[in-house]
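A.B. asks: Quick one: this structure, given as structure tokens, is what I'll be asking you about.
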Amino acid sequence: MRLTVSAAMSLAVVAAPSFATSADEVTVATVQPSRERARMNQKVFDSVWSEVRTQYYDPELHGVDWTAARRTYRPQALAATDDRALYLVLDQMLNLLDDDHAGAASPAVARRQDAQRTRRAAIGVTLRPDPEHPGDYRIETVRRGSPAEAAGVAEGWRLNIAQGGWSPEQDVVAGRALNLTFIDEAEERRVLSVTPAVMEPQPAFVADRSRPGVVVLRVDGFDAGLGRWMGAELAGLSPDTGVVLDLRGNPGGRLMEADAVLSCFLPRDQVWATRTLRSGRQVDLSTGGGCGDLDQPVPNDVAVLVDSDSRSAAELTPAALQEARRAVVIGERTAGAVLISQDTRLPDGGRLTLSRSDFVTSGGVRLEKRGVTPDVEASISREDRREGRDPALDTAIRSLSRETVLASPARSL
């Protein structure tokens, strides 16, 4: 199991057929799972329940009666006839913990997560479960040039999972048209045909040097190799070149890569956080000097861009730089989903993500449910995106004058 600080990740979705039905077309029928299905349901449920009971970072489970949860949800899980039904039950049980890091991904979702940086069939949207409409998903982003964009799908819409239709628990095939039901921002129902296509992966890290006097390092996830990449981008950089670290929409990732990023800007062995294990033992986290081939941190002025979808490692990183008075943080308050988690494979090939340690900053601030408060507030609207504007980035670049950085005190988090 790899140590991560990632929240429940948004799904880079590859969809399967969805069939819109009206209320009077739905026939209620009692369907029993096959013996093999029920047996696997039992294995998966018992694995999740036991893992939480014995490994969750809070041995009191936030006061949840886990034995009662088992009595309530186990019969529902065993009766599930497909992955969607099973994982809805698991998520309902895990939601009792009120922890964004506690989540179960079906085998199809786990496969997509594993293939996120590979060439694969996709419709080109990023989804997140919509808490106001259980079972539905909010469209967070629509990739340019994707089948979703061609079909007219827009950010902010809701993907409505019709009864008997598609859900993210299913795989897709390139070239097979999908009838997907969306609810737009005006709450109007739209049924669109979207045909998945094989798309090249989007890089996790991108350096933009198109603006004079500044380099923008866009990081979509704290994936393996981030520290090595960032070290290479910073090596030989003129000291008077400003650095913008763009962590907007970043769901987090590997703890060691977060430490590597901090090592690019903070002295070696500087304590930046403390993690508390289930046993109560506390462990200080300090920079290990893992910023690629750099022998020492760079002196450049730094601005960190965040938004409400910056999570976990994308929160602890700006928090540490802010507390060290090493960077100015620009944007929106972050998500407040900052616990240290590990993934476990489930018997059916799915994945359980579970918090294994609590986390506080070096200043003793617990970011969970609180987030990071930016030094300068700035945002970007959907209209800005459509028109190709980025006022938040413009604000970050303006903030990089040395006078602004030095004069801006780190706010309490």
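The values are calculated or read from the model by the stated rules, or taken from the named source; none is laboratory data. This one's a predicted model, so the numbers in the text were calculated from it and none came from an experiment. No Cβ is skipped: glycine too gets one built from the backbone with ideal geometry, and neighbour counts run over all protein chains shown. Areas reflect the complete protein model, heavy atoms only, side chains present, ligands, DNA and RNA absent. Shrake-Rupley method; radii C 1.70, N 1.55, O 1.52, S 1.80 Å.
A.B. asks: Taking the options 149, 188, 155, name whichever one is more than 30 Å from residue 102 (Cα to Cα) and in contact (Cβ under 8 Å) with a residue 24 or more places away in the chain.
C.D. replies: The conditions single out 149.
A.B. asks: Since residue 23 meets every condition but one in (1) exposed (fewer than 15 other Cβ atoms within 10 Å of the Cβ); (2) modelled with pLDDT under 85; (3) over 25 Å from residue 178 (Cβ atoms); (4) out of contact with any helix residue (DSSP H, G or I) (no Cβ under 7 Å at 6 or more places or on another chain), which condition does it not meet?
C.D. replies: (3)
A.B. asks: Might you check whether a residue that is at positive phi, at pLDDT 90 or above and surrounded by fewer than 16 Cβ atoms within 10 Å (Cβ to Cβ) occurs anywhere in the range 167-189?
C.D. replies: yes
A.B. asks: May I pose another question? Filter the range 193-209 down to residues that are among the aliphatic types (A, V, I, L, M), open to solvent by less than 70 Å² (accessible area, probe 1.4 Å) and in contact (Cβ under 8 Å) with a residue 24 or more places away in the chain and give me whichever is farthest from residue 237 (Cα to Cα).
C.D. replies: Selected residue: 194.
A.B. asks: Report, by residue number, each residue of the range 317-351 that is modelled with pLDDT of 95 or more, in a strand (DSSP E or B) and crowded, with 24+ Cβ neighbours inside 10 Å.
C.D. replies: 328, 329, 330, 331
A.B. asks: Within the range 56-80, how many residues turn out to be touching a helix residue (DSSP H, G or I) at 6+ places or on another chain (Cβ under 8 Å) and open to solvent by less than 60 Å² (accessible area, probe 1.4 Å)?
C.D. replies: 11
A.B. asks: Considering the range 41-55 alone, what residues qualify as being in contact (Cβ under 8 Å) with a residue 60 or more places away in the chain, within 15 Å of residue 354 (Cβ to Cβ) and either open to solvent by 40 Å² or more (accessible area, probe 1.4 Å) or not hydrophobic (A, V, I, L, M, F, W, C) (or both)?
C.D. replies: Matches in the range 41-55: 47, 51, 55.
A.B. asks: Would you mind stating whether residue 83 is crowded, with 20+ Cβ neighbours inside 10 Å, over 19 Å from the mean Cα position of the chain (by Cα) and among the charged types (D, E, K, R)?
C.D. replies: Criteria met by residue 83.
A.B. asks: Is there any pair linking a residue in the range 75-103 that is closer than 28 Å to residue 359 by Cα to one that is open to solvent by 60 Å² or more (accessible area, probe 1.4 Å) and part of a helix (DSSP H, G or I), with Cβ under 7 Å and at least six apart or on different chains, and which?
C.D. replies: Sorted first by the residue in the range 75-103, then by its partner, the pairs are 97/62; 98/62.
A.B. asks: Another question, if that's okay. Does residue 339 satisfy the condition of being aliphatic (A, V, I, L, M) and touching a His at 6+ places or on another chain (Cβ under 7 Å)?
C.D. replies: Considered against the rule, which asks whether it is aliphatic (A, V, I, L, M) and touching a His at 6+ places or on another chain (Cβ under 7 Å), residue 339 comes out as yes.
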